[in-house]
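Trainee: So that we are looking at the same thing, I have put the structure below in structure tokens.
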């Protein structure tokens, strides 16, 4: 029963990692670049929601604040694309990586200026309630986190596989020039993807802030989400979620069964191991380079 | 515009273009040698710091700027070099032996890490090295008997040719020691770039496939690049440890790794000058910020307040502007300005334009 409890709490944590990883994958799938600032966008989404909801700031009702902050973060993503990422069109992958790392620093700095460096929690209607299920005690937040994540991943997966826009996004990532010739508005598609990634980051942020405290350096959680994305292989949405869940479940087990000090290195050691054994991720989608 | 006539074949691979250029660098070296006599101890310390960062920058530049392998984990190698140096010194080895050995150990460890990293490309390598940098913090804590764990270690004063060198006691001697290392590393780097090995680094960076077709052994080249890069970074780490005096597991955090990469991007990827320009920016930015904060505070009549994270925030902002508007960094801008003057009035805006490449994935779906 103890182990089951660990699994549940690990799953809830893993869902947050999975959602950040989902943001990586979305942007990677559409633009073949990795957004190192995704963790910081998650943190920003959490703080925007806190700023709208919490009594000491604006004090809006929770269910009003959530759509507003989702919209704001989507707008932020589109704005980022307009102002920064679009200018990088045709530059190398590494420059985009460096740009997003710098962006992460700036976001962290600005969030620290506005909301301070104290950890804060989101005041939400689910806080402190739990469901008893046999001998199991489930926090209502944990249940909500898992449900929302699974639903979001499923709908994003269907969006990419079934809708015209989703297919256009995939085409734009596979060959920008060819997609452009086929009449896909590549630039607008890229903007939409960044908006979507902002929204996913906001969902992750809300769930993260509802479960525990968030402060400006929470964005560094993104490094663990890299582990998730790498394990899942950067190109697949369900893979990212699976990777997040694996990392999330490993963590509590490692801290319980492995000596203190060794336990927190488990996720990073896992990344290194996966990359050494399978250099392109567990579900690799790359074959030999053709000239 | 000066025109250099070629009178011998050796001129093509000579490290300097002509006597004029050589004399400029000799004057710079003379200024650097005379700096302790002109500056007070505080600014001399800052200058030493800049030089140490420049060594670390050159270490990363070999790997990222000239071989094209982005590493987000070089703070780990700084840490290895720093600890190796101090541990060897504590074993009673003289500094002149412990210091190169520290570099060698770091280089060998770098090769061990490089062997699995050879199969990774681009972002996967960046993520793996990032994970390594995060792990290094915990590894230092776990190997406490060797490294002192969270409590850290203190750097003893070192003796070179019977002269005691200490960061606080004899800052001038320490500066000259660092300067000597800088000169040796820089000369080695310049020579590397005109040797077959350095040329093959650049070939691997520009296109692995074409390099292979021209007979470059990709794996061996990358391993050599990792070895040289890590060894030089280890030397910088050893000096950094002596400079800081005390250090523990948090001194070489993942943020240092990222700063190091950002530094060489701001300076200009793929040039030795870039490492120095980047080091100047990263070394003097905190001073500049604190002075300008005081100035603004005096102007608006308020007292100065501490803003946490200001340095990294401003640094990130500077970097964004560079990536967007001057991807070739400070050195690239300097080249453009110099060309403008040399060719006046024939400079054209698109002379340094780079070809854009549109994205084509190798993924199957």
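Trainee: Given the conditions (1) within 14 Å of chain A (Cβ to nearest Cβ); (2) modelled with pLDDT of 90 or more, and given that residue B:105 satisfies all but one, which numbered condition is not satisfied?
Mentor: All conditions are met except number (1).
Trainee: Does the stretch B:112-138 hold any residues that are closer than 24 Å to residue B:100 by Cα and out of contact with any helix residue (DSSP H, G or I) (no Cβ under 8 Å at 6 or more places or on another chain), and which are they?
Mentor: Result: B:112, single match.
Trainee: Do the conditions hold for residue B:173, that is, is it part of a helix (DSSP H, G or I), free of Cβ contacts under 8 Å to residues at least 24 places away in the same chain and more than 15 Å from the chain's Cα centre (by Cα)?
Mentor: yes
Trainee: Inspect all residues belonging to the stretch A:69-77 and state whether any of them is over 30 Å from residue A:176 (Cβ atoms), assigned to a helix (DSSP H, G or I) and away from chain B (no Cβ under 14 Å).
Mentor: Yes; the residues of the stretch A:69-77 include at least one that is over 30 Å from residue A:176 (Cβ atoms), assigned to a helix (DSSP H, G or I) and away from chain B (no Cβ under 14 Å).
Trainee: So, one more: From the list B:59, B:68, exactly one residue is at positive phi and either crowded, with 24+ Cβ neighbours inside 10 Å or not in a helix (DSSP H, G or I) (or both). Which is it?
Mentor: Values: B:59 fails: at positive phi.
Residue meeting the stated conditions: B:68.
Trainee: Still on this structure, please answer the following. Kindly evaluate residue B:117 against the criterion of being within 14 Å of another protein chain (Cβ to nearest Cβ), crowded, with 19+ Cβ neighbours inside 10 Å and more than 29 Å from residue B:272 (Cβ to Cβ).
Mentor: Here the answer is no, as residue B:117 does not meet what is asked.
Trainee: From A:199, A:169, which residue is within 14 Å of chain B (Cβ to nearest Cβ), in a helix (DSSP H, G or I) and touching a residue at least 12 places away in the same chain (Cβ under 8 Å)?
Mentor: A:169
Trainee: Of all residues in the stretch B:137-153 being surrounded by fewer than 22 Cβ atoms within 10 Å (Cβ to Cβ) and within 10 Å of another protein chain (Cβ to nearest Cβ), which is nearest to residue B:247 (Cα to Cα)?
Mentor: Here the answer is B:149.
Trainee: Applying the selection to the stretch A:149-166, what residues are surrounded by fewer than 17 Cβ atoms within 10 Å (Cβ to Cβ) and assigned to a helix (DSSP H, G or I)?
Mentor: A:150, A:151, A:154, A:155, A:157, A:158, A:159, A:161, A:162, A:164, A:165
Trainee: Being under 18 Å from residue A:202 (Cα atoms), at the interface with chain B (Cβ under 10 Å from one of its Cβ atoms), in contact with a helix residue (DSSP H, G or I) (Cβ under 9 Å, 6 or more places away or on another chain) and buried (at least 20 other Cβ atoms within 10 Å of the Cβ), is that true of even one residue in the stretch A:86-101?
Mentor: Yes, the conditions are met somewhere in the stretch A:86-101.
Trainee: What's the number of the only condition in (1) under 22 Å from residue A:88 (Cα atoms); (2) modelled with pLDDT under 90; (3) crowded, with 20+ Cβ neighbours inside 10 Å that residue A:183 fails to meet?
Mentor: With (1) under 22 Å from residue A:88 (Cα atoms); (2) modelled with pLDDT under 90; (3) crowded, with 20+ Cβ neighbours inside 10 Å applied to residue A:183, the lone miss is (3).
Trainee: Moving on to the next point. Select the helices (runs of 4 or more DSSP H) contained entirely in the stretch B:267-348, then report the ones holding at least 3 residues which are within 14 Å of chain A (Cβ to nearest Cβ) and closer than 25 Å to residue B:257 by Cβ. Give the steps one after another, and end with the answer.
Mentor: Values: elements: B:272-300, B:310-325, B:329-343.
Of the helices (runs of 4 or more DSSP H) lying wholly inside the stretch B:267-348, those with at least 3 residues that are within 14 Å of chain A (Cβ to nearest Cβ) and closer than 25 Å to residue B:257 by Cβ span B:272-300, B:310-325.
The values are calculated or read from the model by the stated rules, or taken from the named source; none is laboratory data. Here the structure is a predicted model, which means the values were calculated and not measured. With ideal geometry, Cβ positions are generated from the backbone for all residues, glycine too; neighbour counts draw on all protein chains shown.
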